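Chemist: Below is a structure I'd like to ask you about.
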Amino acid sequence: MIGILCFTIATIYFLFFYSRLQIEVYNKTDFDIDSLNIEGKFYKIQKRKSLVIDCEKLSIQDNLPFGTPDGIIKNMQRDTISYFLCGTGVEEIKSGKYKFNIEAFIGKDYYKLYWSEHKLNIKKPTANTRI
């Protein structure tokens, strides 16, 4: 009887509460980012560090999160120009593990955050490399 109860509780937890979507966000900027908004939750991510976030769902377009990252860099003005985002090819993912970078374009009087693909830094052998 206890075994059935434990199995039932574990099944309910897995189906309704266990996060099946995990994203790792790498801050590739030279600034700490505060109030990074992902699915209505806010995160702080230090410069040149990463953060693992469990999500219920995430909208992506061309293998990157849809839209632009919404975060604050202290003592800098965020770009306030509104951009038209085309929703073509946007899909919602609910499971898997994904890795994304946040990078910044730094203008004279403002900054603009954007997503980029996370790639591993794998060095290719050269003629002088011993294997």
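Chemist: Please give the length that would be gained between S59 and D32 if that part of the chain were fully extended, namely 0.36 nm times their separation in residues minus their C-alpha to C-alpha distance (nm, one decimal).
Modeler: Values: separation 27, 0.36 × 27 = 9.72 nm, distance 2.44 nm.
Full-extension gain reported as 7.3 nm.
Chemist: Also: Separation between the Y110 and E39 pseudo-spin-labels, each 7 Å from Cα along Cα→Cβ, expressed in nm?
Modeler: Spacing of the two 7 Å Cα→Cβ label points: 3.0 nm.
Chemist: Provide C6, C55 ordered by accessible surface of protein heavy atoms (probe 1.4 Å), highest first. Can you show the working numbers first?
Modeler: Working: C6 80, C55 5 Å².
Per-residue accessible area, sorted high to low, gives C6, C55.
Chemist: Something else: To the nearest 10 square angstrom, how much accessible area does I72 have with a 1.4 angstrom probe?
Modeler: 70
Chemist: Leaving out same-chain residues fewer than 8 places away, which lysines sit with a Cα under 27 Å from that of K57?
Modeler: The qualifying lysines are K28, K41, K44, K47, K49, K94, K97, K99, K112, K119.
Chemist: Bin by bin, in steps of 5 Å, what percent of the Cα pairs in the stretch 40-121 do you find, going until the bin that has the longest distance?
Modeler: Over the stretch 40-121, the share of Cα pairs per 5 Å bin runs 3, 11, 21, 26, 20, 14, 5, 1 percent.
The values are calculated or read from the model by the stated rules, or taken from the named source; none is laboratory data. Note that the structure is a prediction, hence the values are computed from the model and not measured. Neighbour counts are summed over all protein chains in view; Cβ atoms, including those assigned to glycine, are modelled from backbone coordinates with ideal geometry. Heads up: the accessible areas ignore ligands, DNA and RNA and are worked out on the full protein's heavy atoms, side chains in. Shrake-Rupley method; radii C 1.70, N 1.55, O 1.52, S 1.80 Å.
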